[in-house]
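Report on one structure; see the data block that follows.
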Amino acid sequence: MDVLWQSIPDIAKRVAEGDVSATELCEASLARIAAIDDGHGAFLSVAADSARAAARAVDERRARGETLGPLAGVPVAVKDVLCTADQPTSAGSKILMRDGRAWQPPYDATSVARLRQAGAVLVGKANCDEFAMGSSNENSAFFPAKNPWDRTRTPGGSSGGSAVAVAAAMTPGALGTDTGGSVRQPASFTGTVGVKPTYGRVSRYGVIAFASSLDQVGPFARDVRGAAALLQAIAGPDPLDPTSLDRAVPDYLGACEGSVRGLRIGVPEEYFTEGLEPEVDAQVRGALAHLASEGASLHPIGLPHTKHAVATYYVVACAECSSNLARFDGIRFGGRASVERDLAAATAATRGAGFGAEVKRRIILGTYVLSAGYYDAYYRRAQRVRAAIARDFEAAFAVVDAIATPVAPTVAFPLGSRADDPLAMYLADIYTLPASLAGVPALSVPCGLGQKSRLPIGLQLIAPHFEEARLFTLARAVERTAPDAGARPPAS
Ligand code: GLN
């Protein structure tokens, strides 16, 4: 059904006006998943019954003349690191499974609960790298997701399934999480819009933690207005997450109609160096030229500590993950690999069998950098460099309103091409990590297909803390003028 390709606010409006029912939309989404997801691997589980019940509830509210929420009837997918009370949650890992059965959380993540309150219909849980660690979805303990633009390639990661669900119009919107780029990079690789909000903008309650000082929940949609509508629904303070901040949430859909005239855009030289593929460079510069032609001004800036971002991130993120993942001991959650009576042996057997190689690598690295004798040399030093990276952004935002860069140095790479080379994989995040370390909001908006590859390329826009609205204004201007806008992946 073509309505699945439409923009989220338009779909919700059609539901409110009775032009299409939530049930019809839900059936269309389930049918599309059934028809094409075998070849895409976007979903780890589909909850047809509870989706149908949620859709029916929306239709009944409408029949009773009640006002519907802003996402009424919109089918959505959520990354499988977000807890859902009515659906299994795996974190892309086997460690939460017991006797071959998935774990089912006793509650919803706040972002999930807010989507439901807004009327969205949750159709299933999206594939991802194990515990959100990865850049290609190949670290999923189950199967990799595939890029609908070329199914021999990665959709990116770690929120790959969410990106694929949206790019192939199985659902018009999805939630992912972004710790170091996991929403923005897959958005860039699949031609969708993906937002990493300011740290503290969206509640982390019910997000299975990877690196708590970096994790944020963020939306995917086929266009900027769709992403704005989703963020509107999930943003705002939550008493259940003390790091969520009590700041008013502005009108993001309204911001999509704003003008870019007079906005000052910083272009950091550190993001346009060797390693950046020429076709990515070309489309990004094309988008910058469009913004300038609409009245924004471009300014060369420096973010001098950028070169330390990869090293800093992998110290901080691994340290936090080694601490967060300590709770998976086979006793409190999930399955147990051994019935040995010795606690250490039982825990070691469970963790040895339950975690994949990348998760183990990071727990070991993180434990090392936090251990006595190495703490100062690695962890404390990384915290200092993190502060320096944040100061780079502060200094830049004293003179510009936003920053524009590529999202990733390349287009989507072939599945398998980096799976055995962690360093090459880590370098895929080189342009997304700094904003994560600084806690500032950033998004990816499609800015054209590569001239050679014909694969999607994203422009990254970065703003000061809590200025997501400005990102939407700029991104909408890019979307309006981007070449190949509205192009659909050939595989669908
Ligand atoms: N690719 C990065 C990593 O593997 C980022 C992951 C994320 O944002 N969840 O850590």
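Structural remarks
- Take the Cβ atoms of ALA353 and ALA487, set R0 to 41 Å, and the FRET efficiency comes out at 0.40.
- For SER45, distant residues with modelled amide H under 5 Å away: LYS125
- The amide H of ILE301, built 1.01 Å from its N in the peptide plane, has VAL267, GLU269 as neighbours under 5 Å, considering only residues 5 or more places off or on other chains.
- Cα gyration tensor category, rounded, prolate or oblate, for segment 265-383 with a/c compared to 1.5: prolate
- Karplus (6.51, -1.76, 1.60) ³J(HN,Hα), θ = phi - 60°, over segment 260-271, in Hz, Gly and Pro reported as x: 8, 4, x, 6, 9, 10, x, 10, x, 4, 5, 9
- Approximating the spin labels as points 7 Å out from Cα along Cα→Cβ, the ASP251-to-ALA289 distance works out to 3.5 nm.
- When only Cα pairs below 8 angstrom with a gap of at least 6 residues are kept, segment 95-155 shows a relative contact order of 16 percent.
- Arranged from fewest to most other beta-carbon atoms within 10 Å of their beta carbon, MET170, MET97 become MET97, MET170.
- ARG380-LEU298 pseudo-label distance in nm [points 7 Å out on the Cα-to-Cβ vector]: 4.4
- Cα shape, segment 1-111, gyration tensor, a/c 1.5 rule: prolate
- Applying 0.36 nm per residue to the separation of ARG480 and SER213 and subtracting their alpha-carbon distance, the gain on full extension is 92.7 nm.
- Fewest-first ranking of ARG114, ARG101, using other Cβ atoms within 10 Å as the exposure measure: ARG101, ARG114
- Listed cross-link partners LYS307/LYS360; LYS146/LYS307; LYS125/LYS452; LYS307/LYS452; LYS196/LYS452; LYS146/LYS452 are compared with a 23 Å cut-off, the Cα-Cα value being larger for LYS307/LYS360; LYS146/LYS307; LYS125/LYS452; LYS307/LYS452; LYS196/LYS452.
- In terms of its C-alpha gyration tensor, segment 373-482 comes out oblate, because a/c is 1.5 or above while a/b does not outweigh b/c.
- Panel order for THR350, THR84, by other beta carbons found within 10 Å of each beta carbon, from fewest to most: THR350, THR84.
- Our summary gives the chain a relative contact order of 17 percent, counting only alpha carbon pairs under 8 angstrom and 6 or more residues apart.
- From phi via Karplus (6.51, -1.76, 1.60), per-residue ³J(HN,Hα) for segment 23-38 in Hz, x at Gly/Pro: 5, 4, 5, 4, 5, 5, 5, 4, 5, 5, 4, 4, 6, 10, 6, 4
- Amide H within-cut-off set for ALA408, under 5 Å, with H built and near neighbours excluded: GLY458
- In this simple spin-label model, placing a label point 7 Å from the Cα along the Cα-to-Cβ direction at both MET97 and ARG64 gives a separation of 4.0 nm.
- The HN-Hα couplings worked out from phi for segment 92-108 by the Karplus form 6.51 cos²θ - 1.76 cosθ + 1.60 (θ = phi - 60°) are x, 10, 8, 5, 8, 7, 10, 6, x, 10, 6, 7, 10, x, x, 8, 8 Hz, whole numbers, x standing for Gly and Pro.
- A protection proxy built from the mean count of other Cβ atoms within 10 Å ranks the segments 454-461, 285-292, most packed first, as 454-461, 285-292.
- Peptides 21-32, 465-476, 323-334 ranked from most to least packed give 465-476, 21-32, 323-334, packing being the mean of other C-beta atoms within 10 angstrom over each peptide's residues.
Every read-out reported here was derived from the displayed coordinates using simple, explicitly stated rules and does not represent laboratory data. What you are looking at is a predicted structure, and each value in this text was computed from that prediction instead of being measured. Every residue, glycine as well, gets a Cβ built from its backbone with ideal geometry; the counts of neighbours run over all protein chains shown.
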